[in-house]
Every structure is written in structure tokens, then in C-alpha cells.
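Report on one structure; see the data block that follows.
Rule-based calculations on the coordinates, nothing more; no lab input. Predicted, not measured: the structure shown is a model, and the values here were computed from it.
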Amino acid sequence: MFDEVTKKEGGKAAARRAGYVFGSTVFQGILIAAVIFASAAIKAKVIDEPVVDVKFVKTAPPPPPPPPPPAPPAARKRPPESKPRTDLPKPPPPQALIQPQEIQPEMKAPDPNEAPEPEYDYGDVGEGEGVVGGVVGAQAANDIEDAPAYATAGYRKPQMKEPGCVQRSVRIPQQLAGYISGPITVKFAIRPDGVPSRFEVMGTVPDQRISTSIWQAVQSCKWVPGADAQGRPVAIWVILPIRFTSG
């Protein structure tokens, strides 16, 4: 009996399994058919759409950038300018013409404290150079004369026959023009015969040729001798300042 029950139950189970297998098979068939149908429909739709050709066009490369502007030409270096030499000696300045001004001779009274004048005459200019600022030239011993006097009250002063003759006759060398500054005062005696003597420069001069030129100018002029209170011609000192001006 147990075996019969077992057989019946086994048959029912087998029937159920067979039903499941059949149902599963049918479902799978339907599913597959649906998939196939859907695929066919999609394919047909895809085929119905017009085909569009697509071309891949390569874009032209961008034009190359313009070349940079040419660099400006480098400034040419100037050769160093030759500078004038500054160590060269400067040319001497132009020398102006020296023209002495006319100044009236002046006479001074003798100074009691002044040493007496020597009793000899220096006469004309000697060939050798004397001491600058001292006596120019010398005379022989046999030309000794009385000591000149100063033109005090009552005396008549020596005069040039042509006023301004000494100033016009002075000839200073041009190369010595720049060495003269200020007036130069000279002292000389006019003898009773009107001849100048005992010339000397009262002070110093930068060059002996200056005093020699003045002395030569004094000698080249004609002089009217002075006289004492009694009107007798005597040797009298003359003090003559000479001022030089350019012009």
C-alpha cells in the first residue's frame, strides 16, 4: 500500500515537472520571438533612414606668424674725437702800443736828511748794462761838474724846448710791453749848457732796456737850462714821472 501511495505521488510530481518544463519552453519561445521581431523592426527603421555621407575634412593649418621686424641697425660708434692738446704753449697775447702820457716835470725841494749827491757825472749811456733802478752809463773822470741844485724859490726850472718831447720819443720794445705797469719816475740833471746828465730811475724796472729807452729819449730832446736866483745858468735836477698807456 505504501508503494502504491508512493507511486501516485511520484506520478503527480513528474506531471508537475513536465508542466513546468513545457511552460518554460513556451515562455522562452515567445520571448525569443519577441526579441527577433523587435530586432527586425529596428533594422527596418534604420534601413528606411537616408544615408548621409560624412567626409572628414582636414582644417588648413593656421598661417605662420609674420616674421619679426628687422632689428634697427646698431649705432655706429664714432671714433673718439681727437682733442686739441692742452700742453702746447699758449701764444703770447697781442701787445698793445705803449704810449707814455705827458706829465709835467716836477721839482722837489732838497731833503735835509738826504745824503749829499756825489760830485761826479754819469753822462751818456754806457755800452754795458747798469744796475736796474740805478744810474745808467758813466762818463770819464775829466767831465766832473758841480753838483746839481734843486729848483727852490727864485730858481728857474729847466724846460724842454718842445713840450712833450720825451714822452713822444720813448720807444719801448714790443716784447717788453707786458712788463710795464704804473708810471716810471726818472731823475736827471740839466747842465748849464742844456745837456742832460746823471740819469737814474727812482725805483726798479723789470728790464734794463726800459730805462735805457727812457734815457735815450731824454738825450734826444733839446733842453733850456735852468737858472739860479741871480739868473745864472746852473745844473738843476729834473724829476720826470712817465706814465705808459696802451693804445
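Computed values, structure above
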| read-out | value |
| --- | --- |
| Subset of the range 190-247 [closer than 17 Å to residue 174 by Cα and hydrophobic (A, V, I, L, M, F, W, C)] | 205, 210, 214, 217, 244 |
| Output for the range 186-213, where each listed residue is within 43 Å of the chain's Cα centre (by Cα) and among the hydroxyl-bearing types (Ser, Thr, Tyr) | 204, 211, 213 |
